[in-house]
Amino acid sequence: GGLALVCASDVRLAASTARFAVSFVRVGLSGCDIGTSWLLPRLVGAGRAHELMLTGRLFDAAEAERIGLVTSVVPDAELLEAAYREAELILGNAPFGVEMTKQTMWAALEAPSLPAAVALENRTQVLCLGGDDFAEAVAAFRGRRPPRWAPAARG
């Protein structure tokens with residue numbers, strides 16, 4: 001289950017002592033669980049995902065970074081601070097823009113073509129242009145101040 005949570009994360013950092021495995025296959029269950037069969041190939045490629053899921057072998061943080069499962073490896077004692085730094089960078093952006101970026105990136109993985117993905121991006125930009133976040137970004141730029149984003153609306 002832990003590997004599935006890693007795969008489902010938008011930003012994936014690992015402590016240097018972290019270890020990963022598709023363990024279910026080693027205990028008589030399918031390695032395909034909690035979305036791993038859909039997520040893992042999109043992160044590390046189909047061939048590597050098949051190898052990891054069929055063997056269930058244990059691999060370390062350095063390999064996880066090399067194959068693209070995680071984006072960076074940090075010393076154990078620095079992991080939480082590194083995660084906070086990443087979160088602060090994301091929180092510095094417009095909430096609706098972040099939400100639309102996440103939705104569009106996942107949708108684009110299933111787009112049948114580049115033109116279809118660009119059309120989706122264009123619609124997303126139109127939605128963002130009409131929102132309060134873009135107006136605030138313009139006002140902040142003109143006022144030479146950081147933007148003050150309104151909390152993201154949840155529906």
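Helix screen, the chain: DSSP H segments with Cα axial length of 20 Å or more and mean Kyte-Doolittle hydropathy at least 0.5 are 114-129. With R₀ set to 41 Å, the beta-carbon distance separating ALA135 from GLU78 gives a calculated FRET efficiency near 0.60. Between the listed residues LEU120, LEU54, GLY68, the Cα displaced farthest toward the positive end of the dipole of the range 41-155, a dipole computed from Cβ unit charges relative to the Cα centre, is found at LEU120.
Each Lys and Arg contributes +1 and each Asp and Glu -1, all at the Cβ; summed about the Cα centre of the chain, the dipole is approximately 180 debye. Solvent-accessible area of the chain (1.4 angstrom probe, protein heavy atoms only): carbon and sulfur portion equals 61 percent. Over the range 61-143, accessible surface divided per residue gives 67 Å², non-protein components excluded, 1.4 Å probe. The range 46-64 and the range 83-155 have Cα centres separated by 33 Å. Using alpha carbon coordinates only, what is the Rg to Rh ratio of the chain, with Rh defined as the Kirkwood radius? With Rh from the inverse mean 1/r over Cα pairs, Rg/Rh is 1.05.
Taking a point 7 Å from the Cα of CYS32 along the Cα-to-Cβ direction, none of the residues of the range 100-132 has its backbone N closer than 16 Å to it.
Express the C-alpha Rg of the range 63-155 as a ratio against the empirical globular expectation 2.2 N^0.38 Å, rounded to two decimals. Working it through for the range 63-155, the quotient is 1.37. Structural descriptor for the chain: relative contact order 22 percent, calculated from alpha carbon pairs under 8 angstrom and at least 6 residues apart.
Model label sites at SER9 and VAL126, defined 7 Å from Cα along the beta-carbon direction, differ in position by 3.7 nm.
The values are calculated or read from the model by the stated rules, or taken from the named source; none is laboratory data. Note that the structure is predicted; figures quoted are calculated from it, not measured. Counting neighbours? That spans all protein chains shown, and the Cβs are built from the backbone with ideal geometry, glycine included. Only protein heavy atoms, including side chains, enter the accessible area calculation; ligands, DNA and RNA are left aside. Shrake-Rupley method; radii C 1.70, N 1.55, O 1.52, S 1.80 Å.
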